[in-house]
Amino acid sequence: MRAVTFQAPGEVRVEEKGDPEIVAADDCVVRVEASGICGSDLHIYHGRVPVEPGFTIGHEFVGTVLAAGAAVERVAVGDRALGCFHVACATCAACLRCDYHRCEQGRTFGHGSKLGDLQGAQAELLLVPRSNLTLRRVPEGMSDEVALFAGDVMGTGYHAVAHAGVRAGDTVAVLGLGPVGLCAVQAAAASGATAVFAVDSVPERLAMAERFGAVPLHLAEDDPKRAVRAATDGRGVDVVVDAVGDPGPLAMAVSLARDAGTVSGIGAYAGKGDAPLGLAWLKGLTLRLGLANVIAHVDRVLGLLEAGKLDPAPLVTHRMKLDQAPEAYRLYDNREALKIVLTP
C-alpha cells in the first residue's frame with residue numbers, strides 16, 4: 001500500500017509499505033477513502049513533535065471496513081466508517097470517567113512511538129485498534145468530506161465549546177480561524193451563543209467566520225479588545241476559545257474574558273510561553289486546556305452534522321490525491337489552503 005511518511009523537518013514522502021493485518025480481536029482494517037491534513041500535522045512536519053523517519057502520518061480518516069476482529073460489534077465488514085484521531089482502552093480509571101483523551105493506554109494515529117506507535121491515516125489502508133470506541137458508521141447520505149470532520153476537527157471545535165460550558169445566551173470569542181477555530185464558531189452558535197466574535201488576520205478566514213454568523217475582527221486592524229468590550233458593555237465575553245495552537249494568544253484570551261469567565265485552550269501548544277496568570281487570577285478565570293475528548297463527543301457531533309446544525313463542507317478548499325501529499329503539505333504550510341482532503 002502507499003502511505004505518506006515523515007522523513008525530516010519540511011519533508012514528507014509517499015512510500016510503499018506493507019499492508020496492515022488484524023492483531024487483536026477488536027481491531028479493524030479500513031480502506032481509507034478520505035484523509036485530512038490537520039494543523040497538528042504541521043507540528044510533525046516542522047519537527048516540533050518528534051516522529052521517526054519513515055513513520056506514516058495523519059490522523060483523520062473515513063473509509064470502508066475491510067476486515068474486523070471477532071470482538072468488533074460497532075461496525076462490520078463493508079460498512080463506511082469514520083475514525084476518531086486517538087484510541088482509548090475503555091477500562092482504565094480515566095476512561096471510566098469518560099475522559100477518553102486521558103486514557104492510560106491512549107494512542108494517537110500518526111504521531112510516532114512517543115504517542116503510541118500507531119501508524120497514521122494518510123495511507124491506502126489503516127489498522128484501527130479498539131474499534132468499538134474508535135470507529136462509527138457514517139450516517140446514510142453523509143459525504144466522506146463531512147464525516148471526516150467528526151473524528152477530529154469538528155469534534156475538537158465542539159469540545160472547545162462544550163469543555164467551556166457554553167450555554168444559551170452566552171457570548172463567545174474565538175481566536176484563530178483555522179479549521180478548528182471555524183468549527184468552534186459553528187459549535188458556539190449551535191450551543192446558543194448570542195454573539196460570537198472571530199479574531200484572525202487572514203481576510204478569507206474572517207469572511208468565512210462571518211458567513212457562519214460571527215462578528216469578524218481583524219487582529220491588527222480592528223483592535224479586538226476594544227471591539228469586544230464595546231459590544232459587551234465593557235465586560236468581555238463569557239468564553240474565549242484559543243484555537244491558535246501557540247502560547248502567545250493566551251494573553252489576549254485572558255484580556256477578552258469577562259470577570260469569572262472561561263478560557264478554553266484547544267490549540268496544540270508546542271513549546272513554552274508566557275501568560276498573564278496574575279491577571280487571570282485577579283479576574284477569577286477558569287482555564288480549560290488540553291487535547292479534545294473527541295470519542296466522548298463523536299456521536300453528538302455526528303447527530304448535529306446529520307441535522308445540518310453543523311456544516312464543515314465550506315472549509316474544504318483543496319482536494320488532492322495521496323501521491324500529491326508533498327505539494328499538499330507545502331500549500332498547507334504556506335496557508336494557501338484552509339483544509340485539504342487527500343484521496344487515494
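The values are calculated or read from the model by the stated rules, or taken from the named source; none is laboratory data. Because the structure is a prediction, the values reported are computed rather than measured. Neighbour counts run over all protein chains shown; Cβ positions are idealised from the backbone, glycine included. Remember, those area values only see protein heavy atoms, side chains included, never the ligands or the DNA or RNA. Shrake-Rupley method; radii C 1.70, N 1.55, O 1.52, S 1.80 Å.
For every helix of n ≥ 4 consecutive DSSP H residues, a contribution of -39,500 (n - 2.57) applies; sum these over the chain, divide by its total residues, and give [θ] at 222 nm rounded to the nearest 500 deg cm²/dmol.
Value at 222 nm, helices only, nearest 500: -7500 deg cm²/dmol.
With +1 on the Cβ of every Lys and Arg and -1 on the Cβ of every Asp and Glu, and nothing else charged, how large is the dipole of the chain about its Cα centre, in debye rounded to the nearest 20?
760
Under the Karplus relation 6.51 cos²θ - 1.76 cosθ + 1.60, θ = phi - 60°, what is the ordered set of whole-Hz ³J(HN,Hα) values for the range 134-149, x standing for Gly and Pro?
Calculated HN-Hα couplings, in order: 7, 9, 9, 5, 6, x, 4, x, 7, 6, 4, 5, 6, 4, 4, 6 Hz.
Under a 1.4 angstrom probe, counting protein chains only, how are SER40, SER131, SER201 ranked by accessible area, largest first?
SER201, SER40, SER131
What would the Debye equation give as log₁₀ I(q)/I(0) for the chain at q = 0.13 Å⁻¹, counting only Cα atoms as equal point scatterers?
-0.95
Given a Förster radius of 56 Å and the C-beta distance between VAL202 and THR91 as r, what FRET efficiency does 1/(1 + (r/R0)^6) yield to the nearest 0.05?
With a Förster radius of 56 Å, E is 0.80.
To the nearest 10 square angstrom, how much accessible area does GLU52 have with a 1.4 angstrom probe?
Accessible area of GLU52: about 70 Å².
What's the ranking of 3-16, 99-112 by average number of surrounding C-beta atoms within 10 Å, highest first?
Result, highest mean Cβ count within 10 Å first: 99-112, 3-16.
For the chain, what are the DSSP H helices with axial Cα length of 20 Å or more and mean Kyte-Doolittle hydropathy of at least -1.0?
Helices passing the filter in the chain: none found.
Only four residue types carry charge here, +1 at the Cβ of Lys and Arg and -1 at the Cβ of Asp and Glu. Report the dipole size of the range 101-249 about the Cα centre in Debye, rounded to the nearest 20.
460
Taking the Cα centre of the range 186-344 as origin, sum charge times position over the Cβ atoms of Lys and Arg (+1) and Asp and Glu (-1), and report the length of that vector in debye to the nearest 20.
240
Cut-off 10 angstrom, C-alpha nodes, Gaussian network model of the chain. Which of LEU291, LEU96, LEU115 fluctuates the most?
So, out of LEU291, LEU96, LEU115, the one fluctuating most is LEU96.
Which order do the peptides 330-340, 292-302 take when ranked by the mean count of other beta-carbon atoms within 10 Å per residue, highest first?
Highest to lowest by the protection proxy: 292-302, 330-340.
Please identify, among ALA71, ALA220, ALA187, the residue showing maximal mean-square fluctuation in a Gaussian network model of the chain using a 10 angstrom Cα cutoff.
ALA220
Per residue of the range 313-319, what does 6.51 cos²θ - 1.76 cosθ + 1.60 with θ = phi - 60° give for ³J(HN,Hα)? Whole Hz please, x for Gly and Pro, Karplus curve as stated.
3, x, 6, 7, 9, 9, 10
Over its Cα atoms, what ratio of radius of gyration to 2.2 N^0.38 Å does the range 64-161 give?
So the range 64-161 has a normalised radius of gyration of 1.07.
Need one number: convex hull volume per residue for the range 229-281, Cα atoms only, in Å³.
Once divided by residue count, the hull of the range 229-281 is 69 Å³.
Run through the DSSP bridge list for the chain and note the antiparallel percent, rounded to the nearest 5.
Beta bridges within the chain, antiparallel portion: roughly 55 percent.
Return one quarter of the surface area of the convex hull spanned by the alpha-carbon atoms of the range 206-344, equal to its mean projected area, in nm².
10.8
Given the options ARG288, ARG97, ARG319, which has the most mean-square fluctuation in a GNM of the chain, springs set between C-alpha atoms less than 10 angstrom apart?
In this elastic network of the chain, the residue with the biggest mean-square fluctuation among ARG288, ARG97, ARG319 is ARG97.
Given the range 184-228 reduced to its alpha-carbon atoms as identical point scatterers, what log10 I(q)/I(0) does the Debye formula return at q = 0.25, 0.33 Å⁻¹?
-0.84, -1.16
Going by amide H atoms built from the backbone, whose H comes under 5 Å of the H on CYS89, apart from near neighbours?
When sequence neighbours closer than 5 places are left aside, the close amide H contacts are GLN105.
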